[in-house]
Amino acid sequence: MNEQRPLMEVEIREAGYESGKPILRDVAFDIRPGERVGLLGPNGAGKSTIMKGLLGQLPHWRGTVAWPGRGEAGVRQREMSSRIAYIPEQPILYERFTLWEHLQLAAAVSGISEAQLRERSAPLLRRFRLDRARHDYPIRFSKGMQQKVMLVVAFLLEPELFLVDEPFIGLDPAAVMELLEALDEERRRGAAVLLTTHVLDSAERLCDRFVLVHAGGVAAKGTLPDIRAAAGSPDGTPLFDCFRALTTEGTGS
Amino acid sequence: MSGGRMNPMLLTLERIVSFWRKVWKGWRLVLDWTVLLYIVLPALWIGGGIYTESMRQPPPWVDMIPATTPILVLAVTLLRGRLRTFAEPGDGLFLRNNRSWTARMIAVGFFYTLAARLLTALTVTAVMLPLATSRLGWTDGQCLILAVSSALLGFVWTLARDRVERRWTGWRRTVANATARIAVLAGWGFGTGLLFQAGRPLLYADAVLVPLAIWLAWRRLSASGAFAHEVDVERDAYAACVRWILMEAGEVVNPPSTKRPLLFPKSGRLFRRREARQRVAELWLRATLRDPSMVRSLLVLTGAGSAAVWLSPAWLAVIAWVGMVALTILWLHGQWNQWVTERYIALFDWRDETLHKGEESGRMGIGLPIAAFWGLLVGLRFGIQHGGYGWLAAIAAPAAGWAIAWFANARATDWYGMRARVKAQLEAARRTKEAEAHEAG
């Protein structure tokens with residue numbers, strides 16, 4: 001188990017889209033450098049709301065996000081978003097930009113020089129086999145290729161934390177492998193990954209730790225043995241069964 | 001839908017009714033009694049009055065209208081249509097596997113398209129009837145034959161256009177479509193002109209159009225892989241019917257029709273300096289100039305400003321010039337604000353400096369050349385009026401326009417920046433107050 005100081009500590013007391021109607025309550029977890037943490041939960045549990053909160057997109061947010069590695073106890077949401085790269089489940093693209101212009105905007109806004117942009121983007125575009133399409137409109141790409149554009153944009157920024165929403169949807173097996181390899185390289189650099197997925201067997205193989213969200217709160221968290229203990233399941237129980245035990249109505253909280 | 005009685009013809013008829021009901025529901029949103037009473041009825045009354053008056057006492061230029069004009073007016077009107085099949089995306093699940101149903105539904109689409117062409121042709125002919133009978137000396141029968149022949153031409157065109165659009169994509173489709181349209185118009189104008197000269201009726205043209213329509217329709221029925229195109233046509237047809245009432249919504253954006261941009265295809269540099277503000281401004285300029293609706297708006301703005309500067313009295317022209325520069329900056333600010341809320345653009349953490357200075361550079365890229373152009377018009381007017389050294393104004397005024405726009409742009413940046421800071425402070429204060437109230441509660 002990784003015993004480093006956490007990269008980020010999240011403590012959400014209450015958060016949601018409307019004042020007085022919180023969707024999340026008492027959600028706390030941390031992420032360590034180079035770690036892959038799986039944010040799991042059934043539909044409507046609050047995973048996407050947590051992601052939006054970390055990106056500073058929630059109108060009502062009461063809680064703190066600390067970056068102990070930097071010695072910062074509380075970080076403003078706005079500063080947080082510059083350290084995080086978000087890879088959404090549905091690609092977000094601009095219809096009047098070419099692929100290269102998508103990268104140019106990400107670089108210009110994030111303080112990456114043009115020389116750095118060329119240097120960083122060349123291997124990424126080759127890795128995801130997009131180098132021949134750099135002057136094409138991504139809005140006309142297939143869904144899988146559009147998702148690769150989002151990956152290239154995220155990797156280009158070299159953030160401290162990747163928020164990856166459903167990484168296995170829309171990508172072909174080769175692209176999934178390339179994504180995992182690229183994420184591994186980023187981990188070696190010290191970046192952490194927080195990913196949400198419903199593909200639990202993949203999550204079990206990929207993640208170092210898990211945060212299991214249910215009904216707006218944390219049902220269990222920790223390594224796979226910790227999750228098994230919380231679910232009262234014996235050793236060797238797959239994550240899928242633990243997930244079912246912990247999220248069945250009445251046992252979750 | 002009652003499965004037992006349903007057949008391809010009934011299904012297509014049901015879809016036709018449903019399509020027009022949906023369009024009517026859209027229009028009903030804006031056509032309430034106040035709009036009908038204060039806008040539609042007066043417009044019909046005034047328009048009808050002008051029409052009947054001009055028919056009773058035609059203006060002198062009516063005598064100069066060539067005899068082929070009604071024919072070309074009808075042809076231009078009828079070359080706007082497309083072949084309708086009323087295909088729906090859900091048909092791809094199982095319906096399209098049944099070739100017999102598909103063929104019969106498309107056949108109903110043929111009849112609908114032909115009927116729509118005929119209705120349009122008869123309406124336009126009825127409007128032109130007084131002109132055609134009294135001024136050009138045509139009989140009612142000749143007018144009817146003209147309407148039917150034009151409807152046939154329109155039907156043949158929809159089938160030909162359908163073929164062209166299924167065959168090509170992107171700019172090739174645009175070029176092929178435009179070329180075919182011009183060729184058909186020229187051919188129709190030339191052919192009917194020959195018939196008139198020879199004193200032959202237009203029925204001779206029908207002898208060519210009818211077999212051509214049957215052949216094209218037959219080919220269309222056996223065409224494969226047309227489903228996606230049909231769905232696109234149906235989507236466009238609905239959009240065309242409700243576009244006018246939704247034009248202020250500004251939500252639906254048509255993706256570019258080409259794989260690569262036609263303008264700035266290699267994302268080339270527009271500014272020499274490469275700081276974040278210039279790089280961002282460059283991206284905004286490219287995106288703006290690639291958007292046809294924005295280019296149209298810019299041309300309208302430039303045209304309106306040019307007219308104001310050129311046609312007003314000299315003292316008013318100078319005021320109009322400065323006023324139009326300010327208006328342009330204001331309009332560009334609105335466009336920039338809209339751009340930064342685009343989902344991809346809003347994904348990133350924009351620093352205030354990049355946001356405001358980028359906008360300033362972007363506005364400069366569009367606003368300064370326009371201001372200089374208006375300045376040139378002011379200078380030319382001065383030169384024409386005063387001659388001699390007055391022509392120096394044609395050099396000085398564009399430079400002055402450039403300077404005025406640059407100054408106004410910089411002041412606008414200061415103002416917008418200050419407004420944003422105040423807004424952010426008020427928002428922060430509101431959040432703090434809300435948090436304190438929550439803690440106390």
For chain B, which longest stretch is free of loop sites, where a loop site is one of the trypsin sites (Lys or Arg not before Pro) that DSSP puts outside H, G, I, E and B and that has at most 15 other Cβ atoms within 10 Å?
B:81-258
At q = 0.10 Å⁻¹, what log₁₀ I(q)/I(0) does the protein assembly as shown have when each alpha carbon counts as one equal point scatterer in the Debye sum?
-1.21
So, taking all protein chains as they sit and a 1.4 Å probe, how much accessible area belongs to residue A:233, in Å² rounded to tens?
30
For region B:266-313, state which residues have at least 50 Å² less accessible area in the presence of all protein chains than in their chain by itself, taking the probe as 1.4 Å and leaving out ligands, DNA and RNA.
B:267, B:279, B:283, B:290
For the A and B pair, go ahead and give the buried accessible area with a 1.4 Å probe, both sides summed, in Å² to 100.
3700
Given a 1.4 Å probe and every protein chain left where it sits, what share in percent of the accessible area of region A:91-158 is carbon and sulfur?
44
Can you pull the semi-axes for region B:387-428, root of five times each eigenvalue of the Cα gyration tensor, sorted largest first, whole Å?
40, 5, 4
DSSP bridge orientation in the protein assembly as shown - percent antiparallel, rounded to nearest 5
55
Quarter of Cα convex hull surface for region B:1-86, i.e. mean projection, nm²:
9.8
Over chain B, what lengths in whole Å, largest first, do the semi-axes of the equivalent ellipsoid take, defined as the square roots of 5 times the eigenvalues of the alpha-carbon gyration tensor?
49, 35, 23
Not counting the cut sites, what is the longest span of chain B without GluC sites (Glu not before Pro) that DSSP labels loop and that have at most 13 other Cβ atoms within 10 Å?
B:1-247
Give me D for chain A in µm² s⁻¹, whole number, from Stokes-Einstein with Rh from the Kirkwood sum over alpha-carbon pairs, 4 °C and 1.567 mPa s.
68
Quick one: Karplus J couplings for region B:225-240, per residue in order, coefficients 6.51, -1.76, 1.60, θ = phi - 60°, nearest Hz, x for Gly and Pro?
x, 9, 4, 4, 5, 4, 5, 4, 4, 5, 4, 5, 5, 5, 4, 5
Anything losing 10 Å² or more of accessible area from the isolated chain to the full protein assembly: pick those residues out of region B:318-352, probe 1.4 Å, ligands and DNA/RNA ignored.
B:339, B:342, B:343, B:344, B:345, B:347, B:348, B:349, B:350, B:351, B:352
Take the cross-link list A:52/A:221; B:22/B:259; A:143/B:357; A:143/B:259; A:47/A:221 and give me the ones stretching past 24 Å between alpha-carbons.
B:22/B:259; A:143/B:357
At q = 0.27, 0.30, 0.35 Å⁻¹, what base-10 log of I(q)/I(0) does the Debye formula yield for region B:113-153 when every alpha carbon is treated as an equal point scatterer in vacuo?
-0.84, -0.96, -1.14
Restricting to Cα pairs under 8 Å and 6 or more apart, the percent relative contact order of region A:91-158 works out to 49
Quick one: compute a quarter of the convex hull surface over the Cα atoms of region A:91-158 and quote it in nm².
4.0
Space enclosed by the convex hull of the alpha-carbon atoms of region B:180-252, per residue, Å³
148
Order the following by accessible area, largest value first: A:132, B:260. Probe radius 1.4 Å; ligands, DNA and RNA are ignored.
A:132, B:260
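The values are calculated or read from the model by the stated rules, or taken from the named source; none is laboratory data. No experiment lies behind these values; they were computed from the predicted model shown. Positions of Cβ are backbone-derived with ideal geometry, glycine not excepted, and every protein chain shown enters the neighbour counts. Surface areas here come from the heavy atoms of the whole protein model, side chains and all, with no ligands, DNA or RNA. Shrake-Rupley method; radii C 1.70, N 1.55, O 1.52, S 1.80 Å.
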